[in-house]
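S.K.: Encoded as C-alpha cells, here's the structure I'll be asking about.
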Amino acid sequence: MSTAPRRLDGLRLLVVDDEPDIRAAMCIALRAEGAVIDDVGDGSLALHHLLGTRPDAVVLDLMLPGQSGFTVLERCRALVPPCPVVMITANQGRRHAALATSLGASAYLVKPVPLLRLIDAVEAAVRG
C-alpha cells in the first residue's frame with residue numbers, strides 16, 4: 001500500500017496563537033501534512049523562539065500577549081533570508097490586512113480558518 005506524499009514534509013513551522021484549542025487544531029492539521037511543529041502562545045515567546053530555531057515559515061495570530069503579531073511579523077521578515085509568515089486573526093479590518101501585507105505577510109486569513117485553507121496558504125508561502 002502506498003501513501004501519497006504529504007504536502008509539508010520536512011518543513012519546520014512555528015505556530016503562534018494565544019488560544020490553546022485553535023493552536024492545537026492548527027498543529028494537528030499541519031503535522032498530518034508532515035510538518036515539524038513548534039508552538040507558542042505569545043509574541044514574546046515567538047521572538048525568543050525565532051532566535052533559537054529557524055522555522056521555514058510562521059503561522060501567526062495578530063492579537064497576542066507579550067508582543068503583537070505585527071512586531072513578530074517584522075522580525076520574521078527582517079531575517080536573512082526572510083521567513084514567510086501566514087497571518088491569522090479574528091480581526092476583519094481592512095487596515096490590518098493592508099498593514100500585514102505591506103509588512104510582508106504571505107497571507108492574511110480571518111478566523112475561523114478552514115484547516116485546508118491554512119495548509120494551502122502555508123504551502124504557497126514556503127514554495128514562494
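S.K.: With every protein chain kept in the model, how would you rank Ile22, Ile28, Ile37 by accessible area, 1.4 Å probe, largest at the top?
M.R.: Sorted by accessible area, descending: Ile28, Ile22, Ile37.
S.K.: Put a dot 7 Å past each Cα toward the Cβ at Arg117 and Leu79; how far apart are the dots in nm?
M.R.: Taking the two extended label points, one gets 2.6 nm.
S.K.: Right, here's the next one. Just name one of Leu73, Val40, Leu60: the one whose Cα is farthest towards the positive end of the charge dipole of region 31-90 (beta-carbon charges, Lys/Arg +1, Asp/Glu -1).
M.R.: Positive-most Cα among the choices belongs to Leu73.
S.K.: Kirkwood hydrodynamic radius for the chain: how many Å is it when counted over pairs of different Cα atoms?
M.R.: Over the chain, the inverse of the mean reciprocal pair distance is 14.3 Å.
S.K.: What dipole magnitude, in Debye to the nearest 20, does the chain give about its Cα centre under +1 on Lys/Arg Cβ and -1 on Asp/Glu Cβ?
M.R.: Value, rounded to 20: 380 debye.
S.K.: How large is the accessible surface per residue of the chain, computed with a 1.4 Å probe and reported in Å² as a whole number?
M.R.: 52
S.K.: When the accessible area of the chain is computed with all protein chains present and a 1.4 Å probe, what percentage of it is carbon and sulfur?
M.R.: 56
S.K.: Per DSSP helix of 4 or more residues, -39500 (n - 2.57); summed, then divided by the residues of the chain. What does that give at 222 nm, rounded to the nearest 500?
M.R.: -13000 deg cm²/dmol
The values are calculated or read from the model by the stated rules, or taken from the named source; none is laboratory data. It should be emphasised that the depicted structure is a prediction, and the values quoted were computed from it without experimental measurement. Ideal geometry is used to build each Cβ from the backbone, glycine not excepted, and the neighbour counts take in all protein chains shown. To get the accessible areas, we keep the full protein, side chains included, count just its heavy atoms, and leave off ligands, DNA and RNA. Shrake-Rupley method; radii C 1.70, N 1.55, O 1.52, S 1.80 Å.
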